[in-house]
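Novice: Handing you a structure now.
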Amino acid sequence: MDQSKEQRILNSVSYNAIKGDAESVLDCIDKYCSQKEWAMNVGDEKGLILDKIVKEADPTVALELGTYCGYSAVRIARLLKPSAHLFSIEFNAEFVPIAKEIIEIAGLEDKVTILEGHAQDIIPQLKTKYNVDTLDFVFLDHWKDRYAPDTILLEQYGLLRKGSILLADNIGFPGAPDFLKHVRNNEHYECTHYPSHLEYMKAPDAMEKAVYLG
Ligand SMILES: Cc1ncccc1-c1cc(O)c2nc[nH]c(=O)c2c1
Ligand SMILES: [Mg+2]
C-alpha cells in the first residue's frame with residue numbers, strides 16, 4: 001500500500017535528522033513541509049510564538065491537544081526542565097506511531113507521553129489515571145470545534161489553576177470562534193492575540209494566549 005504523507009515525513013526525519021538533536025528534527029520537518037509536501041505542523045513561524053509562551057510558562061506539567069506527527073511535542077519538550085513532562089493527546093491511530101518515532105529520534109521520549117484517544121475522553125482521566133494535579137501549560141491544536149468544549153472540560157475537572165496558560169493554534173484559519181467567545185470578555189481569562197501566518201504559507205493565521213485567572 002502507498003505510504004502516507006506522515007510516513008514520508010517520518011522517512012525524511014529518519015534519514016536526514018541528527019539522532020538526539022531536537023533542532024535538527026524540527027528543521028528537517030520544516031524543510032520537508034515547505035519544499036515537498038505541506039502538512040499541518042505548527043511550523044517555524046508560529047513555532048517561535050509557541051517557544052516564547054512555553055518559556056514564559058516554564059511548565060512542570062504540560063498538555064497538548066493534537067499530536068499529529070509530533071512536531072509541536074518536540075518543540076515544547078525540548079524546552080522543558082528536567083522534572084517536567086508533556087502529555088499529548090491524539091485520536092488518529094495512524095499518527096500515533098509516527099509521532100512516537102519522531103519524538104524518539106529527537107531524543108525526547110522520556111519527556112513526552114502520547115495518549116491515544118479523544119480529548120473529551122482522556123481529559124476526565126488525567127487526574128485519576130495519569131496522576132496529574134493541575135496543568136501549567138496547554139497547547140490547543142486539534143479540531144477547532146473542540147477547543148471550547150475541551151477547555152470547559154479542563155475547567156470542570158479542576159485541571160486549571162490560577163496562572164495556567166492556554167495557547168491555541170489556528171485562531172485565524174481555520175478559526176475557532178466559539179473558543180474566542182469563551183475566553184475573551186471572560187473574567188476568568190486574560191487573553192493576548194498573536195497574528196501570524198498559516199504554517200509554510202502566506203495566508204494569515206493567528207494564535208491566542210488565554211491565562212486562567214482562577
Ligand atoms: C488542514 C488545513 N488545511 C487548510 C488550512 C489549515 C489547515 C489546518 C492547519 C492547522 O494548523 C491545523 N492544526 C490542527 N488541526 C487541524 O485540523 C489543522 C488544520
Ligand atoms: Mg494547527
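Novice: Go over the candidates Ile114, Ile165, Ile123 one by one and state the one that is β-branched (Val, Ile, Thr), surrounded by 14 or more Cβ atoms within 10 Å (Cβ to Cβ), under 16 Å from the mean Cα position of the chain (by Cα) and part of a helix (DSSP H, G or I).
Specialist: Ile123
Novice: Next question, about the same structure. When you go through (1) open to solvent by less than 80 Å² (accessible area, probe 1.4 Å); (2) out of contact with any helix residue (DSSP H, G or I) (no Cβ under 9 Å at 6 or more places or on another chain) one by one for Val13, which number turns out not to apply?
Specialist: (2)
Novice: Taking region 64-98 as the region of interest, how many residues are assigned to a loop (DSSP other than H, G, I, E, B) and away from ligand 2 (no atom under 16 Å from the Cβ)?
Specialist: 9
Novice: Answer yes or no: is there a residue in region 60-70 that is open to solvent by 20 Å² or more (accessible area, probe 1.4 Å), modelled with pLDDT of 95 or more and at negative phi.
Specialist: Yes, some residue in region 60-70 is open to solvent by 20 Å² or more (accessible area, probe 1.4 Å), modelled with pLDDT of 95 or more and at negative phi.
Novice: Let me ask something else. Quick one: which residue in Thr192, Thr134 is free of Cβ contacts under 8 Å to residues at least 24 places away in the same chain and more than 16 Å from ligand 2 (Cβ to nearest atom)?
Specialist: It is Thr192.
Novice: Could you tell me whether any residue of region 6-26 is more than 17 Å from Ile165 (Cβ to Cβ) and within 11 Å of the chain's Cα centre (by Cα)?
Specialist: Checking region 6-26: not a single residue is more than 17 Å from Ile165 (Cβ to Cβ) and within 11 Å of the chain's Cα centre (by Cα).
Novice: Only one of Thr67, Thr60 is within 13 Å of ligand 1 (Cβ to nearest atom) and in contact with a Ser or Thr (Cβ under 9 Å, 6 or more places away or on another chain). Can you tell me which?
Specialist: Step by step, each of Thr67, Thr60 is checked, and only Thr67 is within 13 Å of ligand 1 (Cβ to nearest atom) and in contact with a Ser or Thr (Cβ under 9 Å, 6 or more places away or on another chain).
Novice: Moving on. Consider Pro174 carefully, then state whether it is free of Cβ contacts under 8 Å to residues at least 12 places away in the same chain, under 30 Å from Trp38 (Cβ atoms) and open to solvent by 60 Å² or more (accessible area, probe 1.4 Å).
Specialist: Against the criterion (free of Cβ contacts under 8 Å to residues at least 12 places away in the same chain, under 30 Å from Trp38 (Cβ atoms) and open to solvent by 60 Å² or more (accessible area, probe 1.4 Å)), Pro174 does not qualify.
Novice: Hey, among Thr192, Thr128, which residue is among the hydroxyl-bearing types (Ser, Thr, Tyr), assigned to a helix (DSSP H, G or I) and open to solvent by 10 Å² or more (accessible area, probe 1.4 Å)?
Specialist: On inspection, the qualifying residue turns out to be Thr128.
The values are calculated or read from the model by the stated rules, or taken from the named source; none is laboratory data. Please read all numbers here as calculations on a predicted model, not as lab measurements. Quick reminder, even Gly has a Cβ in these numbers, built from the backbone with ideal geometry, and neighbours come from all protein chains shown. For the accessible areas, the whole protein counts, side chains as well, though only heavy atoms, and no ligand, DNA or RNA atoms are used. Shrake-Rupley method; radii C 1.70, N 1.55, O 1.52, S 1.80 Å.
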